[in-house]
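The values are calculated or read from the model by the stated rules, or taken from the named source; none is laboratory data. This is a predicted model, so every value here is computed, not measured. A quick note on method: Cβ atoms are made from the backbone with ideal geometry, for glycine too, and the neighbour counts reach across all protein chains shown.
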Amino acid sequence: MTQKKVLVTGAMGQIGSELTGELRRRYGSENVIATDIRKLEGKLAESGPCDILDVTDRAAVFALIHKYGVNTIYHMAAILSATGEKHPSLCWNVNMNGSINIMDAAVELDLGTVIIPSSIAVFGPETPRFDTPQETILKPKSMYGVTKVCGELLSNYYVKNLGVDIRGVRYPGIISSETPPGGGTTDYAVDIFYKAVEEGRYTCFVKEDTMLPMMYMPDCIKATIDLAEADKEKLIHCCEYNLSALSFTAGDLTAEIRKHIPDFEVTYEPDFRQAIADTWPASIDDSAAREEWGWKPDWDLENTTRDMLDKLQARG
Ligand code: NAD
Ligand code: SER
């Protein structure tokens, strides 16, 4: 079997940073190249090969793949929803042109599996809000959502017409304690834990009854690598799997944290991100992922909350 040489783009981000660690554990540190437009630092820089890579720079993408003999890509570089609404043309450029460069490199350099994430942001107000089906209306209102729908369509085009092995999931909001989230609408579900531990109070930027789909990082990493390793023949919805683990309101999350920190104070002051959250589903039907590659989450809200607080409190 050919040795995997894995490129991770956007490796300094919330998902990329933890994904790189797990990929290095599985495939050997020397075989996983962490890249980002920002300088790579900390554990990532110390534990294996690293390089600066701006994914919108087509020549640099091709050169880096040649330099390291890359055959597998986890493309995590992106501009997320909240930043995307403030800088829509940047969001389009990074999310679309960055992804096209990766897809073209996969075709022209005859690479293996390429993971290109999508998001619950592909859905919009016309989509059924509860148990959102795999096949449904995709009319997002955010620029980020527009880029994610286009990314799915383009990925499917490259798979069907150009023979590339692209795979992707529609991640829900990801909760984690290693690397802060990078400018999304679901960031409150991470910020709230930091503030609960550090200050005992939090001002939440969505309303108390806002319900969104979420997932704890260990499940996110498991899903991502399991999909990359899945039998290609079984993947019908290869580029756009709905993925579900948790669904809760901001108020539910506050109540769960208060079981551990009873005096925790939360006020709700919705800002521009409320309008984005209001267009996204509350819960997701992920039966296609379960049937086609055996997806099943391990973490519920109770265990996620306990683990997040344990990790942040241990850090002091
Ligand atoms: P993040 O914002 O935390 O990290 C993205 C990384 O991309 C950052 O380190 C940033 O420096 C880098 N980057 C930005 N522009 C770049 C460029 N031009 N070239 C190279 N790197 C660049 O994002 P994340 O949360 O780790 O998301 C990873 C993927 O998962 C994205 O496709 C995102 O849309 C998707 N996703 C994430 C979530 C979530 O809750 N975290 C939910 C749904 C989908
Ligand atoms: N967590 C992401 C965001 O809020 C969802 O794709 O932008």
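Within segment 128-171, being assigned to a loop (DSSP other than H, G, I, E, B) and among the β-branched types (Val, Ile, Thr) holds for Thr136, Ile137, Val164. Residues in segment 165-175 that are within 8 Å of ligand 1 (Cβ to nearest atom) and of a type outside the set (Val, Ile, Thr) were compared, and the one that is nearest to the chain's Cα centre (by Cα) is Tyr171.
Residue by residue, here is whether (1) at pLDDT 95 or above; (2) buried (at least 22 other Cβ atoms within 10 Å of the Cβ) holds:
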site: Val146; (1), (2): yes, yes
site: Cys150; (1), (2): yes, no
site: Glu178; (1), (2): yes, no
site: Gly182; (1), (2): no, no
site: Ala196; (1), (2): yes, yes
site: Tyr202; (1), (2): yes, yes
site: Met214; (1), (2): yes, yes
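Of all residues in segment 75-109, which are hydroxyl-bearing (Ser, Thr, Tyr) and either away from ligand 2 (no atom under 16 Å from the Cβ) or modelled with pLDDT under 95 (or both)? Within segment 75-109, Ser89 is the sole residue that qualifies. Under the condition of being more than 14 Å from ligand 1 (Cβ to nearest atom) and of a type in the set (Ser, Thr, Tyr), the residues counted in segment 29-80 number 4. Return a yes/no flag: does segment 59-73 have any residue that is crowded, with 16+ Cβ neighbours inside 10 Å, closer than 20 Å to Val159 by Cα, within 14 Å of ligand 2 (Cβ to nearest atom) and at pLDDT 95 or above. Scanning segment 59-73, I find no residue that is crowded, with 16+ Cβ neighbours inside 10 Å, closer than 20 Å to Val159 by Cα, within 14 Å of ligand 2 (Cβ to nearest atom) and at pLDDT 95 or above, so the answer is no. Scanning segment 78-90 for residues that are closer than 21 Å to Tyr188 by Cα and touching a residue at least 24 places away in the same chain (Cβ under 8 Å) returns Ala78, Ile79, Leu80, Ser81, Ala82, Thr83, Gly84, Glu85.
Name the one entry in Pro218, Pro281 that is within 15 Å of ligand 1 (Cβ to nearest atom), under 15 Å from the mean Cα position of the chain (by Cα) and not aromatic (Phe, Trp, Tyr). Of the residues listed, the single one that is within 15 Å of ligand 1 (Cβ to nearest atom), under 15 Å from the mean Cα position of the chain (by Cα) and not aromatic (Phe, Trp, Tyr) is Pro218.
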